[in-house]
Amino acid sequence: MSADEDKYPSESGRRRFVKGVVGSAALGTVATGTAATVEVATSAAGAGGGITEYFAIENTDGPAPRGMPIIPVEIRNDNEIYGRWPEPETQTVQGKEVTVAEMDVGGTTYSTTWFQYCGVQTYEGIQPDADQDNAFRSAGGTYDWQADVDDGAVLTLDMFDDYEGWGNGIGQDGLGKPAVANWRSDGDVQTIPVQVMRSPEVSKMIAGEGKYASLSGEARSFLEAATENDVMAWLNKCTHFCCVPGFKAFGGSARFGGENSVYCQCHQSIYDPFSPVRRTFTALPRTE
(Lines give C-alpha, C1' and ligand atoms only; values in the text may rest on other atoms or scores of the structure.)
Protein backbone atom coordinates (compact mmCIF):
# COMPACT_ATOMS: atom_id res chain seq x y z
CA MET A 1 0.00 0.00 0.00
CA SER A 2 1.44 3.40 -0.98
CA ALA A 3 1.69 6.29 1.45
CA ASP A 4 -1.14 8.04 -0.40
CA GLU A 5 -3.60 5.16 -0.06
CA ASP A 6 -6.22 5.18 2.66
CA LYS A 7 -6.11 2.06 4.89
CA TYR A 8 -9.75 2.60 5.88
CA PRO A 9 -12.81 2.45 3.58
CA SER A 10 -13.34 5.86 2.01
CA GLU A 11 -17.01 5.92 2.93
CA SER A 12 -16.23 5.51 6.64
CA GLY A 13 -14.40 8.82 6.99
CA ARG A 14 -12.34 7.17 9.72
CA ARG A 15 -8.88 8.17 8.50
CA ARG A 16 -9.61 11.87 8.55
CA PHE A 17 -11.35 11.66 11.92
CA VAL A 18 -8.58 9.68 13.59
CA LYS A 19 -5.93 12.07 12.29
CA GLY A 20 -7.86 14.96 13.81
CA VAL A 21 -8.26 13.17 17.11
CA VAL A 22 -4.60 12.22 17.28
CA GLY A 23 -3.63 15.81 16.59
CA SER A 24 -5.92 17.19 19.27
CA ALA A 25 -4.85 14.44 21.69
CA ALA A 26 -1.21 15.40 21.19
CA LEU A 27 -2.00 19.01 22.02
CA GLY A 28 -4.12 17.88 24.95
CA THR A 29 -1.25 16.03 26.59
CA VAL A 30 0.31 19.34 27.57
CA ALA A 31 -2.80 20.38 29.49
CA THR A 32 -3.31 16.89 30.86
CA GLY A 33 0.24 16.74 32.16
CA THR A 34 -0.16 20.09 33.89
CA ALA A 35 -3.51 19.09 35.39
CA ALA A 36 -2.06 15.81 36.61
CA THR A 37 0.82 17.62 38.30
CA VAL A 38 -1.56 19.96 40.10
CA GLU A 39 -3.89 17.14 41.10
CA VAL A 40 -1.12 14.99 42.54
CA ALA A 41 -0.12 17.91 44.73
CA THR A 42 -3.65 18.62 45.93
CA SER A 43 -5.60 15.36 45.91
CA ALA A 44 -4.32 11.90 46.79
CA ALA A 45 -5.65 8.90 44.88
CA GLY A 46 -8.51 7.41 46.87
CA ALA A 47 -9.44 10.81 48.30
CA GLY A 48 -11.56 11.61 45.31
CA GLY A 49 -9.09 11.82 42.44
CA GLY A 50 -5.47 11.74 41.35
CA ILE A 51 -3.03 9.49 39.54
CA THR A 52 -4.46 5.97 39.59
CA GLU A 53 -3.02 2.64 38.44
CA TYR A 54 -5.53 0.05 37.30
CA PHE A 55 -5.95 -3.10 35.21
CA ALA A 56 -7.77 -2.71 31.92
CA ILE A 57 -8.79 -4.54 28.79
CA GLU A 58 -6.24 -3.11 26.38
CA ASN A 59 -7.12 -0.49 23.77
CA THR A 60 -5.53 -1.81 20.56
CA ASP A 61 -6.82 0.56 17.86
CA GLY A 62 -8.71 3.78 17.30
CA PRO A 63 -8.61 7.11 19.15
CA ALA A 64 -9.31 5.85 22.70
CA PRO A 65 -6.34 6.83 24.90
CA ARG A 66 -6.34 3.78 27.19
CA GLY A 67 -8.19 0.59 28.11
CA MET A 68 -11.44 0.24 30.05
CA PRO A 69 -11.14 -0.84 33.71
CA ILE A 70 -11.72 -4.46 34.68
CA ILE A 71 -14.24 -5.11 37.47
CA PRO A 72 -13.32 -8.02 39.78
CA VAL A 73 -16.18 -10.52 40.02
CA GLU A 74 -17.44 -13.03 42.55
CA ILE A 75 -20.02 -15.81 42.35
CA ARG A 76 -22.55 -15.90 45.18
CA ASN A 77 -24.93 -18.70 46.09
CA ASP A 78 -23.04 -20.90 43.60
CA ASN A 79 -24.71 -19.11 40.70
CA GLU A 80 -25.27 -15.34 40.95
CA ILE A 81 -22.68 -13.02 39.38
CA TYR A 82 -21.63 -9.95 41.36
CA GLY A 83 -19.00 -7.25 41.01
CA ARG A 84 -16.68 -6.81 43.97
CA TRP A 85 -16.74 -3.49 45.82
CA PRO A 86 -14.21 -2.64 48.55
CA GLU A 87 -15.42 -1.96 52.07
CA PRO A 88 -15.37 1.82 52.69
CA GLU A 89 -13.33 3.28 55.52
CA THR A 90 -12.52 6.76 56.78
CA GLN A 91 -8.95 7.97 56.44
CA THR A 92 -7.22 11.27 57.09
CA VAL A 93 -5.69 12.55 53.86
CA GLN A 94 -3.84 15.88 53.84
CA GLY A 95 -5.51 16.81 57.12
CA LYS A 96 -9.03 16.03 55.92
CA GLU A 97 -11.22 13.03 56.72
CA VAL A 98 -12.32 11.26 53.55
CA THR A 99 -14.11 8.01 52.73
CA VAL A 100 -11.90 5.58 50.85
CA ALA A 101 -12.71 2.16 49.37
CA GLU A 102 -9.82 -0.01 48.24
CA MET A 103 -8.65 -3.60 48.61
CA ASP A 104 -5.96 -5.97 47.43
CA VAL A 105 -6.92 -8.16 44.47
CA GLY A 106 -4.18 -10.55 43.42
CA GLY A 107 -1.41 -8.20 44.54
CA THR A 108 -3.00 -5.13 42.91
CA THR A 109 -4.71 -2.31 44.79
CA TYR A 110 -8.27 -2.22 43.50
CA SER A 111 -10.01 1.08 44.19
CA THR A 112 -13.22 2.89 43.35
CA THR A 113 -11.04 5.50 41.63
CA TRP A 114 -10.64 3.04 38.74
CA PHE A 115 -14.07 4.15 37.51
CA GLN A 116 -13.79 7.91 37.99
CA TYR A 117 -13.82 9.17 34.40
CA CYS A 118 -16.38 10.07 31.71
CA GLY A 119 -18.74 11.58 34.28
CA VAL A 120 -19.05 8.28 36.17
CA GLN A 121 -17.25 9.97 39.07
CA THR A 122 -20.50 11.93 39.67
CA TYR A 123 -22.74 8.83 39.78
CA GLU A 124 -24.24 7.98 43.14
CA GLY A 125 -23.29 4.32 42.78
CA ILE A 126 -19.59 5.15 42.50
CA GLN A 127 -19.49 6.76 45.95
CA PRO A 128 -17.42 4.44 48.19
CA ASP A 129 -20.14 4.20 50.85
CA ALA A 130 -23.20 4.21 48.54
CA ASP A 131 -25.93 1.82 49.70
CA GLN A 132 -26.05 -0.22 46.49
CA ASP A 133 -26.42 -3.83 45.42
CA ASN A 134 -23.29 -5.19 43.71
CA ALA A 135 -25.13 -7.72 41.52
CA PHE A 136 -24.74 -7.51 37.75
CA ARG A 137 -28.31 -7.01 36.54
CA SER A 138 -29.36 -7.82 32.99
CA ALA A 139 -29.97 -4.94 30.56
CA GLY A 140 -31.36 -6.32 27.30
CA GLY A 141 -31.40 -4.89 23.80
CA THR A 142 -27.96 -5.86 22.50
CA TYR A 143 -27.86 -9.68 22.40
CA ASP A 144 -30.80 -11.80 21.28
CA TRP A 145 -30.32 -14.32 24.08
CA GLN A 146 -30.93 -11.65 26.73
CA ALA A 147 -34.45 -11.07 25.38
CA ASP A 148 -35.43 -14.12 27.42
CA VAL A 149 -34.06 -12.56 30.62
CA ASP A 150 -36.05 -9.96 32.52
CA ASP A 151 -34.38 -6.56 32.68
CA GLY A 152 -33.02 -6.12 36.17
CA ALA A 153 -32.66 -9.85 36.82
CA VAL A 154 -29.36 -10.90 38.37
CA LEU A 155 -27.09 -12.57 35.82
CA THR A 156 -26.33 -16.18 36.75
CA LEU A 157 -23.76 -18.76 35.68
CA ASP A 158 -26.36 -21.07 34.16
CA MET A 159 -27.31 -18.36 31.65
CA PHE A 160 -23.82 -18.86 30.19
CA ASP A 161 -23.78 -22.68 30.08
CA ASP A 162 -23.16 -22.63 26.30
CA TYR A 163 -20.28 -20.15 26.52
CA GLU A 164 -17.62 -22.49 25.10
CA GLY A 165 -19.37 -22.69 21.74
CA TRP A 166 -21.58 -19.59 21.69
CA GLY A 167 -21.71 -17.41 18.59
CA ASN A 168 -23.98 -14.83 17.01
CA GLY A 169 -22.66 -14.63 13.46
CA ILE A 170 -20.08 -11.98 14.30
CA GLY A 171 -16.46 -13.13 14.24
CA GLN A 172 -15.26 -16.47 15.59
CA ASP A 173 -17.57 -18.71 17.63
CA GLY A 174 -16.41 -20.10 20.97
CA LEU A 175 -14.47 -17.10 22.25
CA GLY A 176 -17.03 -16.39 24.94
CA LYS A 177 -20.61 -15.39 25.65
CA PRO A 178 -21.19 -11.72 26.52
CA ALA A 179 -23.98 -9.93 28.33
CA VAL A 180 -24.88 -6.30 28.93
CA ALA A 181 -25.64 -5.37 32.52
CA ASN A 182 -26.06 -2.53 34.99
CA TRP A 183 -24.13 -2.34 38.25
CA ARG A 184 -24.70 -0.42 41.50
CA SER A 185 -27.58 1.42 39.85
CA ASP A 186 -30.64 0.57 41.97
CA GLY A 187 -33.28 3.27 42.32
CA ASP A 188 -33.51 6.67 40.65
CA VAL A 189 -29.78 7.05 39.98
CA GLN A 190 -27.50 7.15 36.95
CA THR A 191 -26.90 3.76 35.35
CA ILE A 192 -23.39 2.31 35.50
CA PRO A 193 -23.05 0.18 32.31
CA VAL A 194 -20.90 -2.93 32.40
CA GLN A 195 -20.13 -5.84 30.12
CA VAL A 196 -19.95 -9.34 31.56
CA MET A 197 -18.43 -12.24 29.64
CA ARG A 198 -17.86 -15.91 30.35
CA SER A 199 -15.02 -17.15 28.17
CA PRO A 200 -12.78 -20.24 27.98
CA GLU A 201 -9.94 -17.80 27.25
CA VAL A 202 -9.99 -16.62 30.87
CA SER A 203 -8.56 -19.89 32.20
CA LYS A 204 -5.98 -19.92 29.40
CA MET A 205 -4.84 -16.40 30.28
CA ILE A 206 -4.45 -17.28 33.96
CA ALA A 207 -2.42 -20.39 33.08
CA GLY A 208 -0.28 -18.55 30.52
CA GLU A 209 -1.31 -21.14 27.97
CA GLY A 210 -0.38 -20.92 24.28
CA LYS A 211 -0.54 -17.38 22.93
CA TYR A 212 -0.87 -16.09 26.51
CA ALA A 213 2.59 -17.35 27.51
CA SER A 214 3.94 -13.80 27.37
CA LEU A 215 1.28 -12.45 29.74
CA SER A 216 3.01 -11.02 32.81
CA GLY A 217 2.86 -12.82 36.14
CA GLU A 218 1.35 -9.67 37.61
CA ALA A 219 -1.52 -9.72 35.11
CA ARG A 220 -2.10 -13.44 35.60
CA SER A 221 -2.20 -13.06 39.39
CA PHE A 222 -4.71 -10.24 39.10
CA LEU A 223 -6.91 -12.21 36.69
CA GLU A 224 -6.86 -15.28 38.92
CA ALA A 225 -8.19 -13.19 41.81
CA ALA A 226 -10.52 -10.98 39.73
CA THR A 227 -12.35 -13.71 37.79
CA GLU A 228 -14.31 -16.80 38.74
CA ASN A 229 -15.65 -19.73 36.72
CA ASP A 230 -14.28 -18.10 33.55
CA VAL A 231 -16.36 -14.95 34.17
CA MET A 232 -14.84 -11.49 33.75
CA ALA A 233 -16.31 -7.99 33.56
CA TRP A 234 -15.36 -4.41 32.77
CA LEU A 235 -16.84 -0.91 32.96
CA ASN A 236 -18.37 -0.37 29.53
CA LYS A 237 -17.49 3.30 28.98
CA CYS A 238 -15.20 4.05 26.06
CA THR A 239 -12.27 6.14 27.26
CA HIS A 240 -12.47 8.29 24.13
CA PHE A 241 -15.88 10.02 24.09
CA CYS A 242 -17.64 7.89 26.74
CA CYS A 243 -19.73 5.86 24.29
CA VAL A 244 -20.89 2.31 25.07
CA PRO A 245 -18.94 -0.32 23.05
CA GLY A 246 -19.67 -4.04 22.84
CA PHE A 247 -18.05 -7.46 22.40
CA LYS A 248 -19.53 -9.01 19.22
CA ALA A 249 -22.31 -6.44 19.37
CA PHE A 250 -22.02 -4.71 15.98
CA GLY A 251 -21.99 -6.39 12.58
CA GLY A 252 -19.91 -3.60 11.04
CA SER A 253 -17.02 -4.28 13.43
CA ALA A 254 -15.39 -6.65 10.92
CA ARG A 255 -14.63 -3.73 8.59
CA PHE A 256 -12.25 -2.38 11.22
CA GLY A 257 -10.83 -5.66 12.54
CA GLY A 258 -12.99 -5.61 15.66
CA GLU A 259 -15.22 -8.65 15.13
CA ASN A 260 -13.47 -10.65 17.87
CA SER A 261 -12.91 -7.69 20.16
CA VAL A 262 -14.81 -5.01 22.05
CA TYR A 263 -15.70 -2.48 19.37
CA CYS A 264 -16.99 1.09 19.73
CA GLN A 265 -18.99 1.95 16.63
CA CYS A 266 -18.97 5.70 17.30
CA HIS A 267 -15.31 6.28 16.38
CA GLN A 268 -13.93 2.76 15.81
CA SER A 269 -11.95 2.28 19.01
CA ILE A 270 -11.11 -1.38 19.63
CA TYR A 271 -10.35 -3.12 22.94
CA ASP A 272 -8.98 -6.63 23.45
CA PRO A 273 -10.65 -8.35 26.43
CA PHE A 274 -7.99 -11.07 26.22
CA SER A 275 -5.15 -8.64 26.85
CA PRO A 276 -5.26 -7.38 30.46
CA VAL A 277 -2.78 -4.55 31.00
CA ARG A 278 -1.80 -2.22 33.83
CA ARG A 279 -2.42 1.42 32.96
CA THR A 280 -2.31 4.82 34.67
CA PHE A 281 -4.67 7.79 34.38
CA THR A 282 -5.78 10.82 36.37
CA ALA A 283 -9.01 9.88 38.15
CA LEU A 284 -11.45 12.78 38.35
CA PRO A 285 -12.72 13.94 41.77
CA ARG A 286 -16.01 12.52 42.97
CA THR A 287 -18.95 14.76 43.75
CA GLU A 288 -18.95 15.39 47.49
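The values are calculated or read from the model by the stated rules, or taken from the named source; none is laboratory data. The structure displayed is predicted, hence computed values, not measured ones. Note that we place each Cβ from the backbone using ideal geometry, even for glycine, and neighbour counts take in every protein chain shown.
Structural remarks
- Restricted to region 131-151, and to residues there that are closer than 27 Å to GLU102 by Cα and surrounded by fewer than 18 Cβ atoms within 10 Å (Cβ to Cβ), the residue that is modelled with the highest pLDDT is ASN134.
- Considered as a group, the residues in region 257-282 that are hydrophobic (A, V, I, L, M, F, W, C) and in a strand (DSSP E or B) include one that is modelled with the lowest pLDDT, and that residue is CYS264.
- Odd one out for ALA254, checked against (1) part of a helix (DSSP H, G or I); (2) surrounded by 15 or more Cβ atoms within 10 Å (Cβ to Cβ): (2)
- Residues satisfying the stated conditions in region 224-251, i.e. over 19 Å from GLN172 (Cα atoms), part of a loop (DSSP other than H, G, I, E, B) and of a type in the set (Phe, Trp, Tyr): PHE241
- Verdict on THR52 being of a type in the set (Ser, Thr, Tyr) and either within 28 Å of SER275 (Cα to Cα) or free of Cβ contacts under 8 Å to residues at least 24 places away in the same chain (or both): yes
- Residue ranges of strands (runs of 3 or more DSSP E) in region 57-120 with at least 3 members surrounded by fewer than 20 Cβ atoms within 10 Å (Cβ to Cβ): 73-76, 88-93, 96-105
- Evaluation of ASN260 against (1) surrounded by fewer than 23 Cβ atoms within 10 Å (Cβ to Cβ); (2) within 12 Å of the chain's Cα centre (by Cα); (3) not acidic (Asp, Glu) (one fails), failing number: (2)
- Candidates GLY187, GLY152, GLY167, GLY217: the one that is over 24 Å from THR112 (Cα atoms) and over 15 Å from the mean Cα position of the chain (by Cα) is GLY167.
- Sole residue being surrounded by fewer than 14 Cβ atoms within 10 Å (Cβ to Cβ), in a loop (DSSP other than H, G, I, E, B), out of contact with any Gly (no Cβ under 6 Å at 6 or more places or on another chain) and at pLDDT 95 or above, chosen from GLY169, GLY187, GLY165: GLY169
- Condition check for SER221: of a type in the set (Ser, Thr, Tyr), in a helix (DSSP H, G or I), surrounded by 15 or more Cβ atoms within 10 Å (Cβ to Cβ) and touching a Phe, Trp or Tyr at 6+ places or on another chain (Cβ under 7 Å): no
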